[in-house]
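The values are calculated or read from the model by the stated rules, or taken from the named source; none is laboratory data. Computed from a predicted structure; not experimentally measured. Methodologically, a virtual Cβ is constructed for each residue, glycine included, from the backbone with ideal geometry; neighbour enumeration extends over all protein chains shown. Accessible surface areas use protein heavy atoms only, side chains included; no ligands, DNA or RNA. Shrake-Rupley method; radii C 1.70, N 1.55, O 1.52, S 1.80 Å.
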Amino acid sequence: MESENQTKVIEFFLLGLSEDPELQPILFGLFLLTYLVTVSGNLLIILAIVSDSHLHTPMYFFLSNLSFTDICFSTTTVPKMLINLQKQSKAISYTGCITQLSFVLLFAGMENFLLAAMAYDRYVAICNPLRYSAIMKLYLCLVMILLSLCISTVDALLHGLMTLHLSFCTFLEIPHFFCELYQVIKIACSDTLINNILIYVMSSTLGGMPLIGIIFSYYKIISSILRMPSSGGRHKAFSTCGSHLSVVSLFYGTAFGVYISSAFTESYRKTSVASLMYTVFPSMLNPFIYSLRNKDMKKALRKIV
């Protein structure tokens with residue numbers, strides 16, 4: 001009976017945020033605007049860094065990579081959602097779903113590691129200012145970026161390949177606006193024990209290690225700042241970390257919000273809205289955080305505008 005119920009999957013159906021046809025045009029306009037702001041804002045950040053020689057430093061090198069990752073992260077999910085809203089369709093092909101799932105994991109992992117690399121950069125700048133140029137060389141920055149990319153790619157491929165081995169029955173509705181790994185595994189009718197173990201092991205390892213690195217870096221940074229004799233020096237040191245700390249709080253705060261909402265609510269719409277806060281809005285807000293709180297970035301953006 002189990003083999004008879006299992007079908008060769010051609011496509012899944014994304015339930016999205018709302019089934020109300022009157023809300024579809026409003027949602028389409030909202031997310032189109034959000035996507036355009038995300039792409040244009042992050043592109044401006046990249047152009048400002050590339051065009052201004054004063055911003056050719058490790059901190060802004062990591063920031064330009066973060067902006068590029070944010071563009072890719074949004075492009076992985078939002079355009080498909082816009083197409084479905086415009087066509088009044090919920091379908092996504094099996095291949096498209098697995099591909100989207102893998103790229104979401106790739107760019108989420110990249111963002112995670114980039115935030116940790118930026119925290120390390122701030123740690124070296126504040127705690128070892130005299131050795132900053134000797135430590136934070138271009139070679140080290142490139143190695144950190146490539147290592148982040150390789151680890152994130154392996155993680156995404158591992159989860160993608162494990163998902164390909166799952167069997168699906170006639171129920172192919174994903175209660176989300178994109179192919180999120182956990183939601184895809186939940187609708188499988190084959191044994192998902194290994195997949196679930198892999199999720200917990202990889203997320204706790206690859207998500208926990210960068211977070212521990214960020215916490216340790218800021219512990220050392222705060223300890224170093226509090227030992228500074230002048231209030232002006234303390235304020236200047238804190239101001240160099242303000243933007244990054246805001247982005248870290250936004251990224252991990254929304255991520256924990258998604259985890260808590262999925263654990264304590266049965267409503268898939270509430271979980272979808274929480275995931276929206278994690279996948280879409282941080283990418284849109286990051287350029288505003290860095291441009292509004294950073295004098296050098298403001299100057300570079302004025303030149304471009």
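Is it fair to say S249 is surrounded by fewer than 20 Cβ atoms within 10 Å (Cβ to Cβ), part of a helix (DSSP H, G or I) and at pLDDT below 70? No; evaluated as a whole, the condition is false for this residue.
Taking residues in segment 167-189 that are within 16 Å of F103 (Cα to Cα), and partners anywhere that are part of a strand (DSSP E or B) and of a type in the set (G, A, S), not one pair has Cβ atoms closer than 9 Å while being at least 6 places apart or on different chains.
Evaluating V37 against the criteria (1) aliphatic (A, V, I, L, M); (2) in contact with a strand residue (DSSP E or B) (Cβ under 8 Å, 6 or more places away or on another chain); (3) modelled with pLDDT of 80 or more leaves one unmet condition, (2). Look at segment 146-166: where a residue is of a type in the set (D, E) and a partner is open to solvent by less than 50 Å² (accessible area, probe 1.4 Å), sitting 6+ places away or on another chain with Cβ atoms under 9 Å, you get D155/L105; D155/L106; D155/G109; D155/M202; D155/L206.
Under the condition of being open to solvent by less than 30 Å² (accessible area, probe 1.4 Å) and among the β-branched types (V, I, T), which residue from segment 16-38 is farthest from S74 (Cα to Cα)? Looking at residues that are open to solvent by less than 30 Å² (accessible area, probe 1.4 Å) and among the β-branched types (V, I, T), I get T34.
Checking each residue in segment 128-145 for being free of Cβ contacts under 8 Å to residues at least 60 places away in the same chain and not in a helix (DSSP H, G or I) picks out N128, K137. Tallying residues that are assigned to a helix (DSSP H, G or I), without any contact (Cβ under 8 Å) to a residue 60 or more places away in the chain and closer than 27 Å to V124 by Cβ within segment 17-59 yields 3. Residues in segment 66-98 that are in contact (Cβ under 8 Å) with a residue 60 or more places away in the chain and open to solvent by 40 Å² or more (accessible area, probe 1.4 Å): 5 in all.
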